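FYI, it's all coordinate maths here, none of it is from the lab. Computed from a predicted model, the values in this text were never measured in an experiment. No Cβ is skipped: glycine too gets one built from the backbone with ideal geometry, and neighbour counts run over all protein chains shown.
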Amino acid sequence: MTELRPAAERGHANHGWLDSYHSFSFAGYQDPQHMGFGPLRVINEDRVAPGSGFGTHGHRDMEIISYVLEGALAHKDSMGTGSTIVPGDVQRMSAGRGVLHSEYNDDQAGSTHFLQIWIEPDVTGIAPSYEQKHFPAEEKRGRLRLIASPDGRAGSVSIHQDALLYAGLFDGAESAKYSLGEGRKGYVHVARGTVQVNGHALRAGDALKTDAGPIEIGRGEGAEVLVFDLPGDRA
């Protein structure tokens, strides 16, 4: 199975302070054909206006990953954690039995462009926790760098799900090939730029779903790509 998810078909909401595109059903955008992919439940591409952000709100039983493309995002939560996420940073928050947090773009001039990713955990009711790591561009250049995994292998952040998340940067002749294990499924999201994935020309916001064969990435132009390796026992 190979299925393309064009950027133009995503849900969209512009609240003025927030311009958001939803790869899967979220808030006011509901599409029964796009409720998630395995435990991958949300990929929101958000642009937050200068001096704006998400006020204090709650989450529970969800693995939430923030991946900043441009600008910076200030985070505070009820665990007493506070930090600022910049490009190259990956922040993981396990909401567990409940957490309150806020996210703001404190820059009064420039917007913040980031991806908010939700992955359903394989355990519920745990104590909430937080983790943040930086992955330099050189570690992602022309290759797929593991940034999230169940066990924190290779210096990745750890998530409570049998899922792997990789990030890569591709230009020109740079390429990468990723093989899915038996019974696994892959989801490739192009965060920016243009790139070919399994022979399909994709641009920013596009995605490709697959449940067979290798994932081949190449012919990029300013491309930043996320690859999810997911358990294949769910729709």
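How would segment 73-204 be classified by its alpha-carbon gyration tensor: rounded, prolate or oblate, with rounded meaning a/c under 1.5 and the a/b versus b/c comparison settling the rest? In terms of gyration-tensor shape, oblate.
Is the chain best put as rounded, prolate or oblate by its Cα gyration tensor, with a ≥ b ≥ c the root eigenvalues, rounded for a/c under 1.5, and otherwise prolate when a/b is larger than b/c, oblate when not?
Since a/c stays below 1.5, the shape of the chain is classed as rounded.
Computed from the C-beta positions of residue 27 and residue 74, the FRET efficiency with R₀ = 25 Å rounds to 0.65. Counting beta carbons within 10 Å around each of 1, 93, 35 and listing the fewest first gives the order 1, 35, 93.
Segment 120-138 and segment 177-235 have their alpha-carbon centroids 22 Å apart.
Among DSSP beta bridges lying fully in segment 2-231, give the percent that are antiparallel, nearest 5.
Of the beta bridges lying entirely in segment 2-231, close to 95 percent run antiparallel.
From most to least packed by mean Cβ count within 10 Å, the peptides 16-23, 186-193, 131-138 give 186-193, 16-23, 131-138. Under the rule a/c < 1.5 gives rounded, and otherwise a/b versus b/c splits prolate from oblate, where does segment 1-64 land using the Cα gyration tensor? It comes out oblate by the Cα gyration axes. Taken about its Cα centre, segment 61-133 carries a charge dipole of about 140 debye when Lys and Arg each add +1 at the Cβ and Asp and Glu each add -1 at the Cβ. Counting only residues at least eight positions apart within a chain, or on another chain, the lysines with an alpha carbon under 27 Å from that of residue 76 are 133.
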